[in-house]
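**Q** Could you have a look at this structure, given as structure tokens, before my questions?
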Amino acid sequence: MSEIKETCLHPFHTELHARMEEFAGYDMPIVYTTIQAEHLAVRNDVGMFDVSHMGEIEVRGKDALKFVDYIFTNEILSKPFGKVVYGFMLYENGTIVDDLLVYLVNQENVFLVVNASNIAKDYAWIVEQTEGFDVTIVNLSEEYSEVAVQGPNAETKIKEVFGLDLSELSFFTFGRFLINGDEYLISRTGYTGEDGFEIYGSNLDIPFIWEKLHLAGVTPCGLGSRDTLRFEAALPLYGHEISDQISPISAGLKIFVRVEEKSDFIGKGSLLKEIELGSDKKVVGIELNEKAIPRQGYPVFMGDEQVGVITTGYLSISLDKPIAMALIDKKASKKDTQIFVGIRKKMVPGFVRDKKFLKKNYKTN
Amino acid sequence: MSKIVEGLLYSESHEWVKVESEGIVIVGITDYAQSQLGSVVFVDLPEAGTKLQREVEFGAVESVKAASDLISPVSGEIMEINEDLIGEPELVNEDAFSAWMLKVELSKPEELDKLMSAAQYAELIK
């Protein structure tokens with residue numbers, strides 16, 4: 001077992017007495033005060049997350065854009081530089097290597113942000129695909145730190161604290177900005193369903209961002225609320241809703257896959273077949289009729305037969321309702337299908353619903 | 001520092017037991033247990049009339065992130081549950097020793113001898 005790593009913001013977490021746990025090889029803050037308070041700070045005001053554990057991989061070289069187009073499910077060739085695009089890298093069989101953000105820097109430079117738990121796997125897989133392309137793959141994960149500033153007041157707060165006006169930075173675009181003489185890459189992206197920004201910088205510079213925002217009253221939020229927030233916005237998490245056992249079609253994420261528009265990408269053939277034949281399984285929303293908490297791994301039944309399993313579930317903080325996402329057999333995936341979730345010794349009744357648990361509050365213009 | 005109340009009996013799975021009268025006890029979870037859980041959002045209790053067995057799970061207390069089993073420190077039959085906890089699970093965090101969960105009629109009163117004293121429990125969570 002390798003040693004547990006610490007992010008450059010670790011001293012702040014211990015000083016705030018955060019509850020720390022190992023996540024993806026890093027000692028990360030789960031919660032500082034309560035998950036509810038941190039969750040609501042992001043929904044109603046502004047919160048910030050240390051997400052320095054996330055992976056940053058740079059694709060450099062003459063074929064950078066062409067190469068990323070080949071390993072990525074979503075459309076990038078027609079998008080302007082400065083755009084961020086969400087999508088997947090797939091195995092030939094259509095299952096998911098990882099979900100990622102693609103930052104289109106220029107023809108010869110594309111910046112990939114991948115899941116912390118998948119950095120080594122992704123890097124090795126990407127390098128394996130480079131044959132025939134003039135590209136160099138550089139894993140910069142150890143060089144970069146990242147703070148996500150999320151919530152309806154994120155833009156105002158950043159302007160107030162740093163004098164930086166991000167009102168012109170539109171949804172899913174990025175730029176390089178100077179703060180206090182240091183350069184940061186900032187995108188209008190996030191993982192909470194709220195407006196907000198992700199700020200990437202060097203391990204030396206990021207503590208300045210965190211400290212100033214903290215002094216200005218931005219609520220530090222741990223990975224606990226990061227999960228409850230992304231869940232309510234029905235954003236998938238690798239290892240839960242998506243994995244190397246499921247395709248983006250079954251996961252209900254077809255809008256990030258351009259099988260018709262793109263000439264080729266790894267896994268396209270398998271997805272075309274799946275679309276033609278229909279998926280056996282689907283990720284759906286589930287709501288329970290009575291108070292109980294459907295958690296990951298709990299079985300889902302239709303009548304006496306197990307038809308699936310919960311991938312993520314909570315007593316939703318914003319909605320105060322027991323809701324979940326579940327991977328279930330196609331025959332039980334229709335809206336309003338009556339199901340039961342096995343919770344300890346009880347069979348708790350519920351129904352299949354859409355995953356639009358909460359309206360997303362993105363600033364899209 | 002977790003609070004411990006003198007005069008109660010304690011289990012290794014962090015439940016407290018208060019002897020109400022001959023053969024009747026009240027059961028809850030300790031302050032230490034609630035502090036480990038974080039904010040309690042749901043308490044899942046069985047119905048009155050349910051038979052309990054010592055060291056067997058009877059319900060769960062759930063935080064946002066996780067469900068923790070409740071383990072019965074005694075054998076017997078549930079006479080009453082604390083309905084207040086269904087609507088206000090946060091009472092467990094506010095005062096774990098007031099937020100009782102079950103009133104139980106013991107079937108094996110001698111089992112009380114197997115539980116710890118406040119001093120022994122303090123040693124356990126030290």
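**Q** Are there any pairs, at least 6 apart or on different chains, whose C-beta atoms fall under 6 Å, with the first in the range A:23-41 and more than 8 Å from chain B (Cβ to nearest Cβ) and the second surrounded by fewer than 18 Cβ atoms within 10 Å (Cβ to Cβ) and assigned to a loop (DSSP other than H, G, I, E, B), and if so, which?
**A** From the range A:23-41, the pairs are A:Asp27/A:Ile4; A:Asp27/A:Glu6; A:Tyr32/A:Leu16.
**Q** Now for a separate question. Using beta carbons and a limit of 6 Å, which pairs, at least six apart or on different chains, have the first residue in the range A:329-355 and closer than 17 Å to A:Glu305 by Cβ and within 14 Å of chain B (Cβ to nearest Cβ) and the second one outside any strand (DSSP E or B) and among the small types (Gly, Ala, Ser)?
**A** Every condition considered, the pairs that remain are A:Val348/A:Ala292.
**Q** A:Phe197: outside any loop (DSSP other than H, G, I, E, B) and not assigned by TED's automatic domain parsing to the domain that holds A:Leu112, yes or no?
**A** Yes, satisfied.
**Q** Across the range A:332-352, what is the number of residues that are at pLDDT 95 or above and either charged (D, E, K, R) or not in a strand (DSSP E or B) (or both)?
**A** Residues meeting the conditions: 6.
**Q** May I pose another question? Please specify each residue of the range B:55-70 satisfying the condition of being more than 18 Å from B:Asp31 (Cα to Cα) and either polar (S, T, N, Q) or more than 10 Å from every other protein chain (Cβ to nearest Cβ) (or both).
**A** Those that are more than 18 Å from B:Asp31 (Cα to Cα) and either polar (S, T, N, Q) or more than 10 Å from every other protein chain (Cβ to nearest Cβ) (or both): B:Glu55, B:Val56.
**Q** Could you say which residue among A:Asp182, A:Asp227, A:Asp195 is of a type outside the set (Val, Ile, Thr), closer than 21 Å to A:Val51 by Cα and within 14 Å of chain B (Cβ to nearest Cβ)?
**A** Just one listed residue meets the conditions, A:Asp227.
**Q** Scan the range A:39-52 for residues that are open to solvent by less than 10 Å² (accessible area, probe 1.4 Å) and under 18 Å from the mean Cα position of the chain (by Cα) and report the count.
**A** 8
**Q** Could you tell me whether B:Ile29 is away from chain A (no Cβ under 14 Å) and of a type in the set (A, V, I, L, M, F, W, C)?
**A** Answer is yes for this residue.
**Q** Quick one: which strands (runs of 3 or more DSSP E) lie wholly within the range A:100-162 and hold at least 2 residues that are out of contact with any Ser or Thr (no Cβ under 8 Å at 6 or more places or on another chain) and surrounded by fewer than 17 Cβ atoms within 10 Å (Cβ to Cβ)?
**A** A:136-139
**Q** For the range A:203-211, state whether one or more residues are farther than 20 Å from A:Leu164 by Cα, surrounded by fewer than 21 Cβ atoms within 10 Å (Cβ to Cβ) and of a type in the set (Phe, Trp, Tyr).
**A** Checked against the condition, which is being farther than 20 Å from A:Leu164 by Cα, surrounded by fewer than 21 Cβ atoms within 10 Å (Cβ to Cβ) and of a type in the set (Phe, Trp, Tyr), the range A:203-211 yields no hits at all.
**Q** Given (1) under 21 Å from the mean Cα position of the chain (by Cα); (2) part of a helix (DSSP H, G or I), where does A:Thr14 come up short, assuming only one miss?
**A** Here A:Thr14 clears every test but (1).
**Q** Sticking with this one: Any chance you could count how many residues in the range A:216-251 are among the polar types (S, T, N, Q) and part of a helix (DSSP H, G or I)?
**A** Matching residues across the range A:216-251 total 2.
**Q** Within the set of pairs 6+ apart or on separate chains, which have a first residue in the range B:73-92 that is over 18 Å from B:Val17 (Cα atoms), a second that is in a strand (DSSP E or B), and C-beta atoms under 7 Å apart?
**A** Correct list of pairs: B:Ile86/B:Val43; B:Pro89/B:Val40; B:Pro89/B:Val41; B:Pro89/B:Phe42; B:Pro89/B:Val43; B:Glu90/B:Val40.
**Q** Checking the structure you have, find out if any residue of the range A:343-354 is hydrophobic (A, V, I, L, M, F, W, C), open to solvent by less than 70 Å² (accessible area, probe 1.4 Å) and closer than 30 Å to A:Thr173 by Cβ.
**A** Looking through the range A:343-354, none of the residues is hydrophobic (A, V, I, L, M, F, W, C), open to solvent by less than 70 Å² (accessible area, probe 1.4 Å) and closer than 30 Å to A:Thr173 by Cβ.
A quick yes/no check of all residues on (1) farther than 26 Å from A:Met20 by Cβ; (2) in contact (Cβ under 8 Å) with a residue 40 or more places away in the chain:
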{"position": "A:Leu166", "(1), (2)": "yes, no"}
{"position": "A:Phe171", "(1), (2)": "yes, yes"}
{"position": "A:Phe177", "(1), (2)": "yes, no"}
{"position": "A:Asp182", "(1), (2)": "yes, no"}
{"position": "A:Thr192", "(1), (2)": "no, yes"}
{"position": "A:Ile199", "(1), (2)": "no, yes"}
{"position": "A:Leu204", "(1), (2)": "no, yes"}
{"position": "A:Ile209", "(1), (2)": "no, yes"}
{"position": "A:Gly224", "(1), (2)": "no, yes"}
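The values are calculated or read from the model by the stated rules, or taken from the named source; none is laboratory data. Just so you know, these numbers come straight off a predicted model, no measurement behind them. With ideal geometry, Cβ positions are generated from the backbone for all residues, glycine too; neighbour counts draw on all protein chains shown. To get the accessible areas, we keep the full protein, side chains included, count just its heavy atoms, and leave off ligands, DNA and RNA. Shrake-Rupley method; radii C 1.70, N 1.55, O 1.52, S 1.80 Å.
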